1. Work from the charge dipole of the chain (Cβ charges, +1 for Lys and Arg, -1 for Asp and Glu, about the Cα centre) and give the residue of Ala68, Pro13, Ser127 farthest towards its positive end.
2. Order of 131-138, 144-151 by packing, highest average Cβ count within 10 Å first?
3. Hey, what's the chain come to in accessible area per residue, 1.4 Å probe, Å²?
4. Output the 0 to 90 degree angle, nearest 10, between the alpha-carbon long axis of helix 96-126 and the longest principal axis computed from the alpha carbons of the chain.
5. Taking Cα pairs under 8 Å and at least six residues apart, what relative contact order does the chain come out at, in percent?
6. In whole Hz, what ³J(HN,Hα) sequence does region 27-43 give by Karplus (6.51, -1.76, 1.60; θ = phi - 60°), x for Gly and Pro?
7. Taking 37 °C and 0.692 mPa s as the conditions, I'd like the Stokes-Einstein D for the chain in µm²/s, using the Kirkwood hydrodynamic radius from alpha carbon pairs.
8. Compute the length gained on full extension between Asp17 and Leu110: take 0.36 nm times their separation in residues and subtract their Cα-Cα distance, giving the result in nm to one decimal.
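The values are calculated or read from the model by the stated rules, or taken from the named source; none is laboratory data. Bear in mind the structure is a predicted one, so any value in this text is a computation, not a measurement. When we count neighbours, we look across all protein chains shown, and the Cβ atoms used for this are built from the backbone with ideal geometry, even at glycine. Note: accessible area is taken over every heavy atom of the protein model, side chains too, but ligands, DNA and RNA are not part of it. Shrake-Rupley method; radii C 1.70, N 1.55, O 1.52, S 1.80 Å.
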Amino acid sequence: MHSTQLCTALRTPPLWDYALALYQRPGVADACLQLQDTAGADVCELLWHCWLDHHGAVATDEAPDALAEIRDWQTGVTQPIRHLRRQLKPRAQHEPDVAALRQHLKEAELLAERETLRRYQAIAETSQAVRARRAADTDLATRLARCLTTCGPPQRAALTTLLTQRAAHRP
């Protein structure tokens, strides 16, 4: 278990608040969605790593085991909702009832993502999956790149946007 001091620090700001504020910074939403759609990134996991870095913390070698349940949640709940929402987009432009359904799916997707971030925060506060960052640890850019299935020029540009805005973000 990590220190009480780190646990206390991780609560201010909470991950949800931090993620919302960072996501609203210029270019971050587009960069995150590009990484999600072209490199298989889990946006919530990217934001979690940024939040950990903000607090001087990193995921440990035990993180993949701790994160497996969250990844299952994303695969089984969040991604199917997102897929349905996106699938309905063309019809929603011309059919008011489909538009209303799509709006409900958008709200459900946001609730699923909020639950994902709650789980990420709980792991950070209660497990061996997170520790204080050390001088020898890899930088945030490298840790984020590990979350991608591919990292060509478009993905590197999106990561640069996320990293630049993360550095400018002071909650």
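1. So the residue furthest toward the plus end is Pro13.
2. On the way: 131-138: 11.8, 144-151: 15.9.
Top of the packing list down: 144-151, 131-138.
3. Numbers: 9200 Å² over 171 residues.
So the chain comes to 54 Å² accessible per residue, rounded to a whole number.
4. The answer is roughly 10 degrees.
5. Working: 173 pairs, mean separation 72.5, N = 171.
In percent, rounded to a whole number, it is 42.
6. Taking θ as phi minus 60°, the curve returns x, 5, 4, 4, 5, 5, 5, 4, 5, 5, 7, 10, 9, x, 6, 8, 4 Hz for region 27-43.
7. On the way: Rh = 16.8 Å.
The diffusion coefficient I find is 195 µm²/s.
8. On the way: separation 93, 0.36 × 93 = 33.48 nm, distance 1.34 nm.
Residue separation times 0.36 nm, minus the Cα-Cα distance, leaves 32.1 nm.
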